[in-house]
Amino acid sequence: MPFIIEPMTLEDVDTVSAVEKECFSITWPASAYRRELRNPGSSRYIVVRHITDNGASPTQMEKEHRRSFFSSLFPFRQGENGHQEGPEIVGFAGLWLRLDEAHVTTICVKPEYRGKGVGELLLASLFDIALDLGGSWLTLEVRVSNYVAQSLYRKYGFRESGTRRHYYSDNGEDALIMWSESIVSPSFQAELMRLKHDLREKLTKAESRVGQGT
Ligand SMILES: CC(C)(COP(=O)(O)OP(=O)(O)OC[C@H]1O[C@@H](n2cnc3c(N)ncnc32)[C@H](O)[C@@H]1OP(=O)(O)O)[C@@H](O)C(=O)NCCC(=O)NCCS
């Protein structure tokens with residue numbers, strides 16, 4: 001597994017802001033992420049890192065790959081100038097819970113890492129986090145023109161429930177409001193397990209493509 005999910009930390013915020021600029025025309029100030037991380041309340045933010053074997057022996061790499069699918073256990077390596085450095089952050093996501101509704105606040109993947117299952121990995125992780133927090137549904141807004149993101153959400157059972165007119169301040173575009181199925185239902189849990197199984201294979205294949213530079 002070449003990608004791992006970890007909780008976002010204050011040390012990640014500058015990199016997260018840089019990734020965000022590559023992904024969105026409207027961005028949050030870095031201070032907003034810092035505020036969320038300092039006072040998490042019912043919000044949670046995660047990053048996805050790409051593990052390379054740069055500097056790590058095959059044995060170390062194998063150990064990392066065997067770690068839990070959605071774990072946050074990767075031990076950071078020491079950087080050259082002494083500070084703690086982890087593998088590259090290639091995407092991030094977040095949600096906040098109100099009652100039993102988990103609102104997805106952001107999800108994005110660096111352009112060069114798209115189409116490899118990383119967005120799915122983030123979204124599947126958000127489902128797990130929402131369940132841990134006691135959520136029963138996920139909901140989000142997405143630009144009406146953002147067919148790629150809508151396709152991702154539909155794959156995970158989200159359906160349209162309405163529109164917010166002129167929701168986006170940069171171009172006045174409407175937002176689709178989408179809701180998941182009940183994430184605690186046995187049928188959804190079974191479907192999520194199936195999707196994760198397929199995702200594991202997709203990410204493993206992606207590793208060989210990343211390794212070949214495609
Ligand atoms: C939306 C986004 C997170 C998807 O991430 P990703 O890593 O490229 O997506 P994945 O490789 O995990 O693909 C998952 C699903 O997304 C959809 N998808 C991904 N790329 C697609 C494309 N080029 N065309 C159509 N659908 C696509 C498909 O449903 C895909 O499932 P499939 O492989 O079974 O067809 C990414 O495109 C992104 O960061 N976009 C910019 C930020 C953004 O728009 N965020 C959403 C805000 S609401």
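Nothing in this text is a laboratory measurement; each read-out follows from the coordinates by a stated rule. The structure displayed is predicted, hence computed values, not measured ones. Note that we place each Cβ from the backbone using ideal geometry, even for glycine, and neighbour counts take in every protein chain shown.
Could you calculate the contour length gain from R194 to D14, that is, 0.36 nm times the residue separation minus the distance between their Cα atoms, to one decimal place in nm?
Result for the pair: 61.3 nm of gain on full extension.
Could you tell me the calculated FRET efficiency between C23 and D174, based on Cβ-Cβ distance and R0 = 25 angstrom, to the nearest 0.05?
Once the sixth-power term is evaluated, E becomes 0.80.
Sort 3-10, 180-187 for me by packing, meaning the mean count of neighbouring Cβ atoms within 10 Å per residue, highest on top.
Ranked by mean Cβ neighbours within 10 Å, highest first: 3-10, 180-187.
With label points built 7 Å along Cα→Cβ from the Cα atoms of S145 and D100, find their separation and express it in nm.
Distance between label points: 3.8 nm.
If amide hydrogens are placed 1.01 Å from N in the peptide plane, which non-local residues have theirs closer than 5 Å to the one on S136?
Answer set, sorted by chain and number: E101, A102.
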